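We did not get these values from a lab; they are worked out from the coordinates using the rules stated. Every value quoted in this text rests on a predicted model; they were computed, and no experiment measured them. Cβ: placed from backbone, ideal geometry, glycine included. Neighbour counts: every protein chain shown.
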Amino acid sequence: MKDLDKVKGEIEQLRAEINHHNYRYYVLDSPEISDAEYDGLMRELKELEEQYPQFLTPDSPTQRVGAAPVEAFGVVEHPFPLLSLGNAFSKEELLAWYSRISKLTGKQQFNFACEHKIDGLAVALSYANGQLTIGATRGDGFRGENITQNLRTIRSIPLSMPKEAPTRFEVRGEVFLPKAGFDKLNQERAEEGLPLFANPRNAAAGSVRQLDSRITAKRPLDIYIYMLGYAEGKPTPVTQWETMEYLKSLGFKVNPNNRLLSSIEQVEEYHHTWVERRESLPYEVDGIVVKVDSLDLQRQLGAIGHEPRWAIAYKFPAIQGTTRLIDIGISVGRTGTLNPYAILEPVSVGGVTIKQAALHNEDDIRRKDIRIGDTVIVQRAGEVIPEVIGPVISKRTGKEKEFSLEEKVFDTEKKRPACPECKAEVIKPEGEVMYYCSNAACPAQIQQRIEHFASRGAMDIRGIGESQSAMLLREGLVKDVADLYDLSQEQLASLERMGDKSANNIITAINNSKRQPLARVVFGLGIRHIGGEMAELLAKHFGSIDNLAKASRDDLTQIATVGPKIADSIIAFFRQEENRRIIERLKTAGVRLEEAVKPKELPLTGKEFVITGRLEALSRDEAEARIKALGGSTKDNVTQKTSYLVVGADPGSKLAKAQALGIEQIKEEELLQLLGQKT
């Protein structure tokens, strides 16, 4: 048996730590740990309090919803508490919740209203006689901050109601900052020398809790309403789903990704779908909320402590974690940039072990005050390279070291900063934040250009990645991207750990790449400042690589999103004789260098696809991108308009619906054939 004094000490220490992080998160909007680590601390405290209930106290963080309201705003008493949600982190925990509500109600079959758990700030909006009267934060669940004036600046919040609305009622919603607005806001703050927001949730919280509502008005905040708190004067619907439809009819903004589902299996499929597609959303989301649809059953199930029994947050795998920054290394990019990167103590984030992460540039490192030896917050987003968000300043020991790129690459023999790959002089152009290697023939740059050209987003030459491009360069088989089209199967098969089959696959991929659209070629050439979207704009506007190469500065800046910096970069690229020579060789090799077909002529134009289950050869995002590239469209749900349901492994309820509607079902092999890929 555990020593009770020791247990009590552990509980008190956990409470103190959680209260500290609550204050940082809810009041200062400046978190020091990731959401996953916070959830871990709360879970540990809950488990100890359940095992030793004699130590449970009313002021424990487990008995609160959030942090106390800030008195400067004025305090609002909530007529009905704003409860917090319990969490499920796995399918097993979701099923355990389902089992509990089944036993409590004596029912095995439920309808569930499911929605995204948006990472924002919960608010309550009160209306009386058709007018918005009070807008308040959640606060501690019982008392919140009066931020009515700030919420009035959010254009998606209606200030008045139609006559059909109840006389008095309250709705609850989540205020959030879309990803694009968050990026723009941080960019503006960086230019003004202000500290950056850690994430969109902190940005949203900081925006609505401004003492000057004019500041709030300048920020592109949005809201989704997720429930009706109470209503007086008129009858309201008897289910959550019907209630949301009703609120929508009154003019409230409701998330279009909400779904009404009839089984726990469908809930699991909904969760799985958005785990895969969360990065495609315009807002941050960390899970789904599952609610029993019947309001009568909700009242029957009630709450335990401050958590409703009738709802649960089914969280996505964590995308943030904390670890120690061991050192900062330097890599050389394809345009010669010297790119700092973090060397980390290994940390698991979202099921992936991370040892390195992006740091962008020296100015960004200084702005975030990241130092070697710091404990840092690391974020992983889908397949994007993990990045360091910022330091946990409270964990500093005083031994941390500030970073200087010039010191890091200083060559004692040459007595100047030098490229870590070729030892050429390092330069920093006036007005730019990046340092560059001055040697255009730097091996690291050539390798990066080949790797970029062959990447999935460019020419999609499978089999040529980082190690293969380095080997081809080392063996003298390629010196630029055009050399890829001169490779033979025999040359590749002779390389270390290659073999005939791998060599044949690469040659096939190289030949297939010749049919890639012009936009992919433009992107693959690696012109500075030209990303995938800009490459598509240029390809559509000019129609061929020759027209783009001949374009003047005026021609280029006629495109709305092309400024002088991008225009000059394009002109400089095509001015170089070596680049023009590479393009001529690509022409000779048969690479498509002009727009081939108009959208109306694409083979899948007018075809609508829905995907269910797990695909093997393609990720879901990749399959959808390739369908769209051939003129087709993709949807989340099966309807009468669906042309094909693509059925992968472990299909969900969409299959039964497609069968009922007589929609054609195809397997992944058949999809690949439609996409023009042999199986």
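Could you please state, rounded to a whole Å, how far the C-alpha centre of segment 313-331 is from the C-alpha centre of segment 96-135?
31 Å
Can you give me the angle between helix 179-191 and the longest principal axis of the chain, using Cα atoms only, in degrees from 0 to 90, rounded to the nearest 10?
The answer is roughly 70 degrees.
Name the long-range amide H neighbours of Arg143: under 5 Å, sequence gap of 5 or more, or other chain; modelled H, no Pro or chain starts.
His78
Taking GluC sites (Glu not before Pro) that fall in a DSSP loop and have at most 10 other Cβ atoms within 10 Å as cut points, what is the longest piece of the chain between them?
193-382
Arrange Asp483, Asp293, Asp650 by Cβ neighbour counts within 10 Å, fewest through most, would you? Please report the intermediate quantities before stating the final value.
Numbers: Asp483 17, Asp293 21, Asp650 11.
Least to most surrounded, the residues fall as Asp650, Asp483, Asp293.
Between beta-carbons, use under 9 Å as the cut-off and find the net charge around Leu593, counting Lys and Arg +1, Asp and Glu -1. Each step should come with its number before you reach the end.
Numbers: positive: Lys587, Arg592; negative: Asp546, Glu594.
Spelling it out: positives minus negatives among the neighbours equals 0.
Quick query: amide H of Val646 versus all other amide H atoms, modeled in the peptide plane; which residues come in under 5 Å with a sequence gap of 5 or more or a different chain?
Val610, Ile611, Thr612, Ile666
If I take every Cα pair under 8 Å that is 6 or more residues apart in the chain, average their sequence separation and divide by the length, what percent do I get for the relative contact order? Could the numbers behind the result be given before it?
Values: 1172 pairs, mean separation 61.3, N = 679.
Taking the mean separation of contacting Cα pairs over the length of the chain, I get 9 percent.
Amide H of Asn255: which non-local residues (sequence gap of 5 or more, or other chain) have their own amide H closer than 5 Å, using H built in the peptide plane?
It is Ile225, by chain and number.
In degrees from 0 to 90, rounded to the nearest 10, what is the angle of the helix 577-589 Cα long axis to the longest principal axis of the chain?
Its long axis makes an angle of about 90 degrees.
Run the dipole for segment 75-315 about the Cα centre, Lys and Arg Cβ at +1, Asp and Glu Cβ at -1, nothing else charged, and hand back the magnitude in debye, nearest 20. Write down the numbers at each step before the final one.
Details: 30 positive and 29 negative charges, 89 e Å.
So the dipole magnitude of segment 75-315 works out to roughly 420 debye.
Taking the Cα centre of the chain as the origin and placing charges on Cβ (Lys, Arg +1; Asp, Glu -1), which of Leu177, Ala493, Ile663 is farthest toward the positive end of the dipole?
Of the listed residues, the answer is Ile663.
Can you find, among His21, Pro651, Gly563, the residue sitting farthest towards the positive end of the charge dipole of the chain, where Lys and Arg contribute +1 and Asp and Glu -1 at Cβ?
The Cα lying farthest towards the positive end belongs to Gly563.
Would you mind checking the tilt of helix 443-454 against the longest principal axis of the Cα atoms of the chain, expressed as 0 to 90 degrees and rounded to 10?
That helix lies at roughly 70 degrees to the long axis.
Given the C-alpha centroids of segment 241-278 and segment 478-536, what is the distance between them in whole angstrom?
42 Å
Over segment 75-315, what lengths in whole Å, largest first, do the semi-axes of the equivalent ellipsoid take, defined as the square roots of 5 times the eigenvalues of the alpha-carbon gyration tensor? It would help to have the intermediate numbers written out before the result.
Numbers: eigenvalues 176, 108, 48 Å².
Computed over segment 75-315, the values are 30, 23, 15 Å.
Could you work out the relative contact order of segment 368-474? I mean the mean sequence separation of Cα pairs under 8 Å and 6+ apart, divided by the number of residues, in percent. Could the numbers behind the result be given before it?
On the way: 122 pairs, mean separation 14.7, N = 107.
Taking the mean separation of contacting Cα pairs over the length of segment 368-474, I get 14 percent.
Within 11 Å, Cβ to Cβ, of Met434, how many net charges do the neighbouring residues add up to if Lys/Arg are +1 and Asp/Glu are -1? Please list the in-between numbers first.
Details: positive: Lys428, Arg528; negative: Glu362, Asp363, Asp364, Glu432.
Here the charged neighbours net out to -2.
About its Cα centre, what dipole magnitude does the chain give when the only charges are +1 on Lys and Arg Cβ and -1 on Asp and Glu Cβ, stated in debye to the nearest 20? Each step should come with its number before you reach the end.
On the way: 90 positive and 97 negative charges, 237 e Å.
Charge dipole of the chain: 1140 debye, to the nearest 20.
With r as the distance between the Cβ atoms of Thr557 and Ala589 and R0 = 41 Å, compute the FRET efficiency 1/(1 + (r/R0)^6) and round to 0.05. Intermediate values should be presented prior to the final figure.
Values: r = 32 Å, r/R0 = 0.78.
Computed FRET efficiency for Ala589 and Thr557 comes out at 0.80.
Hey, got the dipole for segment 569-642? About the Cα centre, +1 on K and R Cβ, -1 on D and E Cβ, debye to the nearest 20?
160 debye
Considering only the other residues whose Cβ falls under 11 Å of the Cβ of Thr634, what net charge follows from Lys and Arg at +1 and Asp and Glu at -1? Provide the component values of the computation, followed by the final result.
Numbers: positive: Arg277, Lys607, Arg620, Arg626, Lys628, Lys635; negative: Glu608, Asp621, Glu624, Asp636.
Combined, the nearby Lys, Arg, Asp and Glu give +2.
Apply the Karplus curve 6.51 cos²θ - 1.76 cosθ + 1.60, θ = phi - 60°, to the phi angles in segment 474-481 and return the couplings in whole Hz, x for Gly and Pro.
Each residue of segment 474-481 in turn: 5, 7, x, 7, 9, 10, 7, 5 Hz.
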